[in-house]
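Q: The following block contains the structure, expressed as structure tokens.
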Amino acid sequence: MARPAKAIINLEALRHNFQLAASLCSPGLALAVVKANAYGHGAVPVARALADLAPAFGVACIEEALELRAAGIEQPILLLEGIFSADEVSIAAENNFWLMLENEQQFLALENASVTEALKVWLKVDTGMHRLGLSVEDLMPAYRRMHACKNVDKTIVVATHFACGDDLESEMTSQQIACLRDAARDLGAPLSLANSPGILAWPQAIAEWNRPGFMLYGNSPFSVAQAEADTLQAVMTLKSAIISLREVVAGESVGYAASWTATRTTKIATIAMGYGDGYPRQAPSGTPVLVNGQRAPLVGRVSMDMITVDVSDIDSVAIGDEVILWGDNLSANEVAGHAGTIGYEVLTRMPMRTPRIYSEVNI
Ligand SMILES: *Cc1c(COP(=O)(O)O)cnc(C)c1O
């Protein structure tokens, strides 16, 4: 019997979410972002499951792109942070990797490269996030320069990234959309603005290319209800089982640092799931888990390999009973919120140790 901690990855839910993204992006296209090991879900199986749906993939760096190529993924792959050194240009050209570019070193590397295939370039514009991107003033000269470069494909995509797309009240997203559309008006270039929140909630952001990431994995990027986001289906179910049961009486504490003390006679279930399995150590007492489908509160500190849960109010619990840490009915976002972080982080931090079990249905 194997240790019961595992992450079930529902590929049918993944495809459902991609299809939602694709329909919201229509007539534009949705490039599936699978960086950081597909947000912890496994880049190769995720890309394979989307291979007949996604026209292109997006990753952070050439190493991630090469992993997909080695696994037989044939779509173009956009390197969202472009190139880090000049030698990457020829590797990108040989492998049909597209480059998001924004600075002089990158432009020079492209101009000085000797390649047989022209590369597809996306120019990143800084419309307010102030992290990456050309200034609006520098867009036109950079566009002309890349357009004139023999190593660059003539269809150049002009892109930007939102700072506050997840804040439905913010005015910044509309300003960023207007800024990019304005800056690119005379270029006749295809545009790309929207990440998941942009696709879900900002229809004016939809353009020729769109870049869904987090939404593909079935969690909402918003902290409030949102009609489209609320139809997403959780792709990962993190689950394990009860491995021990005991009773403690009022005044007895549980776990490291004795941080939680019983105020009544309490049934404690110990679960084979800890921060070594990707469950956030910061999750405090009171964070919900699902025991036999019912909510029960975590009590005491999260250990590397175990957590302890108050199951006093759950009927007939036994060693071996299933425990769900997140999935349907308890989102990774909700658990992350208790731990002071976001769903993006808890999913992306899922460690190697946790086996990913790929399934076409919910198991
Ligand atoms: C990660 C990333 C995305 C995807 O963002 P989500 O919020 O996960 O949808 C899109 N564009 C760029 C440039 C990114 O780095």
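Q: Length gain on complete extension for the stretch Leu245 to Tyr358, per 0.36 nm per residue less the alpha carbon to alpha carbon distance? Mind showing how you got there, number by number?
A: Working: separation 113, 0.36 × 113 = 40.68 nm, distance 3.01 nm.
The Leu245-Tyr358 span can extend by a further 37.7 nm.
Q: Give me the percent relative contact order of the stretch 11-219, please, defined on Cα pairs under 8 angstrom at least 6 residues apart. Please list the in-between numbers first.
A: Numbers: 395 pairs, mean separation 45.0, N = 209.
Computed value for the stretch 11-219: 22 percent relative contact order.
Q: Let me ask something additional. Could you work out the relative contact order of the chain, using alpha carbon pairs under 8 angstrom and six or more residues apart, expressed as a whole percent?
A: Numbers: 815 pairs, mean separation 68.9, N = 363.
Across the chain, relative contact order equals 19 percent.
Q: Using the Karplus curve 6.51 cos²θ - 1.76 cosθ + 1.60 with θ = phi - 60°, what ³J(HN,Hα) values do you get for each residue of the stretch 165-179, in whole Hz, with x for Gly and Pro?
A: Going residue by residue, I get x, 7, 9, 5, 8, 5, 8, 5, 5, 4, 5, 5, 4, 4, 4 Hz, with x marking Gly and Pro.
Q: What does the net charge come to around Gln233 if you take all other residues with beta carbon closer than 10 Å to its beta carbon, with K and R at +1 and D and E at -1? Write out the running numbers ahead of the final one.
A: Details: positive: Arg15; negative: Glu12, Asp328.
Net charge in that neighbourhood comes out at -1.
Q: Which order do the peptides 155-162, 93-100 take when ranked by the mean count of other beta-carbon atoms within 10 Å per residue, highest first?
A: Result, highest mean Cβ count within 10 Å first: 155-162, 93-100.
Q: Further question on the same structure: Provide the per residue accessible area, probe 1.4 Å, for the stretch 236-358, rounded to a whole number of square angstrom.
A: 45 Å²
Q: Right, something else. How many percent of DSSP beta bridges within the chain run antiparallel, rounded to 5?
A: Antiparallel bridges: around 55 percent, rounded to the nearest 5.
Q: Next question, about the same structure. Amide H neighbours of Val152 under 5 Å, at least 5 residues apart or on other chains, H built in the peptide plane: list them.
A: Result for Val152 returns Leu119.
Q: With a 1.4 Å probe and all protein chains left in place, how much accessible area per residue does the stretch 11-219 have, in Å²?
A: For the stretch 11-219, the per-residue accessible area is 39 Å².
Q: Cut-off under 26 Å on the C-alpha distance; same-chain residues fewer than 8 positions from Lys35 excluded. Which lysines are left, in chain and number order?
A: Lys6, Lys120, Lys124, Lys239
Q: Going by alpha carbons, how many degrees (0 to 90, nearest 10) lie between the helix axis of 11-25 and the longest principal axis of the chain?
A: The two axes meet at around 40 degrees.
Q: Compute the distance in nm between two label points, each set 7 Å from the Cα along the Cα-to-Cβ direction, one at Asn95 and one at Ala51.
A: Taking the two extended label points, one gets 1.6 nm.
Q: Considering only protein heavy atoms and a probe of 1.4 Å, how much of the accessible area of the stretch 67-169 is carbon and sulfur, as a whole percent?
A: In the stretch 67-169, the share of accessible area belonging to carbon and sulfur is 48 percent.
Q: Give me the percent relative contact order of the stretch 236-358, please, defined on Cα pairs under 8 angstrom at least 6 residues apart. Kindly include the intermediate steps, with their values, before the conclusion.
A: Numbers: 282 pairs, mean separation 35.3, N = 123.
Relative CO of the stretch 236-358 lands at 29 percent.
Q: Also, quick follow-up: Work out how far the C-alpha atoms of the stretch 236-358 reach from end to end along every principal axis, then list the three figures in whole Å, largest first.
A: Per principal axis, max minus min of the Cα coordinates gives 39, 28, 23 Å.
Q: What's the ranking of 170-177, 68-75 by average number of surrounding C-beta atoms within 10 Å, highest first?
A: On the way: 170-177: 17.2, 68-75: 14.9.
Highest mean packing first, the order is 170-177, 68-75.
Q: If I take the Cα coordinates of the chain and project them onto the principal axes, what are the three extents in Å, biggest first?
A: Per principal axis, max minus min of the Cα coordinates gives 76, 43, 36 Å.
Q: Placing +1 on the Cβ of each Lys and Arg and -1 on the Cβ of each Asp and Glu in the chain, which of Tyr256, Ser23, Leu330 has its Cα farthest towards the positive end of the resulting dipole?
A: About the Cα centre, the residue reaching furthest to the positive side is Tyr256.
Q: Percentage of Cα-Cα pair distances in the stretch 11-219 greater than 29 Å, rounded to whole percent?
A: I get 20 percent for the Cα pairs in the stretch 11-219 exceeding 29 Å.
Q: Let me ask another. Over the stretch 236-358, what percent of the accessible surface lies on carbon and sulfur atoms, probe 1.4 Å?
A: Solvent-exposed carbon and sulfur of the stretch 236-358 make up 52 percent of the total.
The values are calculated or read from the model by the stated rules, or taken from the named source; none is laboratory data. In this text the structure is predicted, and so the values were computed from the model without any measurement. Ideal geometry is used to build each Cβ from the backbone, glycine not excepted, and the neighbour counts take in all protein chains shown. Accessible surface areas use protein heavy atoms only, side chains included; no ligands, DNA or RNA. Shrake-Rupley method; radii C 1.70, N 1.55, O 1.52, S 1.80 Å.
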